[in-house]
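Peer 1: Once you've had a glance at the structure underneath, I'll fire off some questions.
What follows is calculated from the coordinates using simple rules that are stated; it is not laboratory data. Remember, it's a predicted structure, so these values are computed and weren't measured experimentally. Because the Cβ atoms are built from the backbone with ideal geometry, glycine has one as well, and the counts that use them run over all protein chains shown.
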Amino acid sequence: MAFWHGRILSATYYFRRRGIVVITSENFDGEWIARIIERFGYGTARGSTTRGGRKAMLQLVRDMKAGRPTGFTLDGPRGPARVAQPGAVWLAAATGNPLLPFHLEASSYWSVRSWDRTQIPKPFSTVALVVGTPIEVAKDSPGEALEESRVELERRLASLEERARAIVSRG
């Protein structure tokens, strides 16, 4: 499952208690984030792009082979916003599992002044969830094919975001 970091709060709530495994960093912030999301029923693989990423990705491969779903904030943990990092595409190629892009958009929200403009839905707002078609990545794809899949994932997420905004704007 793949989405933008700025929708992490809505996604965390919506997909709670489904046993989805997510990556959290090994630093102090990652520790308290892991404790919070585990209370929502998520599993964690500890690591990040700067430290422990390889170990976390291997853990995700094992989890997926055991039948557990994984979730990725594609542009996290530090951005740039709406630019997919290659980890989810690599994982799809390594496991043979497809990528499932989705986007959540609230009708009324606060926006955090951060790199990803995290969206916090206001009470009683409607949140639209738009799920795209799965993206197949051939097992053990070469680097060029992985890059094509990464770009396609970005393109599809932009389209899903547009659709979700249209849904919430209709009221």
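Peer 1: Relative contact order of region 45-159, please, whole-number percent, based on alpha carbon pairs below 8 angstrom and at least 6 residues apart.
Peer 2: 24 percent
Peer 1: Antiparallel DSSP bridges in the chain: what percent, to the nearest 5?
Peer 2: Approximately 45 percent, going by the DSSP bridge assignments.
Peer 1: What ranking do 31-38, 82-89 get when scored by the average of other Cβ atoms within 10 Å per residue, highest first?
Peer 2: 82-89, 31-38
Peer 1: List the equivalent ellipsoid semi-axes of region 1-85 in whole Å, largest first, each obtained as the square root of 5λ for an eigenvalue λ of the Cα gyration tensor.
Peer 2: In descending order, the three semi-axes are 17, 16, 13 Å.
Peer 1: Taking the alpha-carbon distance from LYS122 and a cut-off under 16 Å, which aspartates and glutamates remain once sequence neighbours fewer than 8 residues away in the same chain are dropped?
Peer 2: Filter leaves GLU105.
Peer 1: Follow-up question, since we're still on this one. Cβ under 14 Å from ASN97's Cβ, ASN97 left aside: what net charge do those residues give with Lys, Arg +1 and Asp, Glu -1?
Peer 2: That sum, taken over residues with Cβ under 14 Å, equals +1.
Peer 1: Using only C-alpha atoms and all pairs of different ones, pull out the Kirkwood radius for the chain in Å with one decimal.
Peer 2: After inverting the mean inverse Cα-Cα distance, the result is 16.3 Å.
Peer 1: Please give the contour-minus-distance gain from PHE40 to ILE167: 0.36 nm per residue of separation, less the Cα-Cα distance, rounded to one decimal in nm.
Peer 2: 43.0 nm
Peer 1: Could you calculate the contour length gain from ARG16 to GLU147, that is, 0.36 nm times the residue separation minus the distance between their Cα atoms, to one decimal place in nm?
Peer 2: Contour length minus the Cα-Cα distance gives 44.1 nm.
Peer 1: Tell me which lysines have Cα within less than 25 Å of LYS55's Cα, excluding those fewer than 8 residues away on the same chain?
Peer 2: Here the lysines satisfying the reach criterion relative to LYS55 are LYS65, LYS139.
Peer 1: Which peptide among 117-124, 14-21 comes first, and what is the full order, when sorted by highest mean count of other Cβ atoms within 10 Å?
Peer 2: Peptide ranking by packing, descending: 14-21, 117-124.
Peer 1: Tally Lys/Arg at +1 and Asp/Glu at -1 over every other residue whose Cβ is under 13 Å from the Cβ of PHE40; what's the total?
Peer 2: +4
Peer 1: Helix check for the chain. Which DSSP H runs span at least 30 Å along their own axis by Cα, with a mean Kyte-Doolittle hydropathy no less than -1.0?
Peer 2: 143-169
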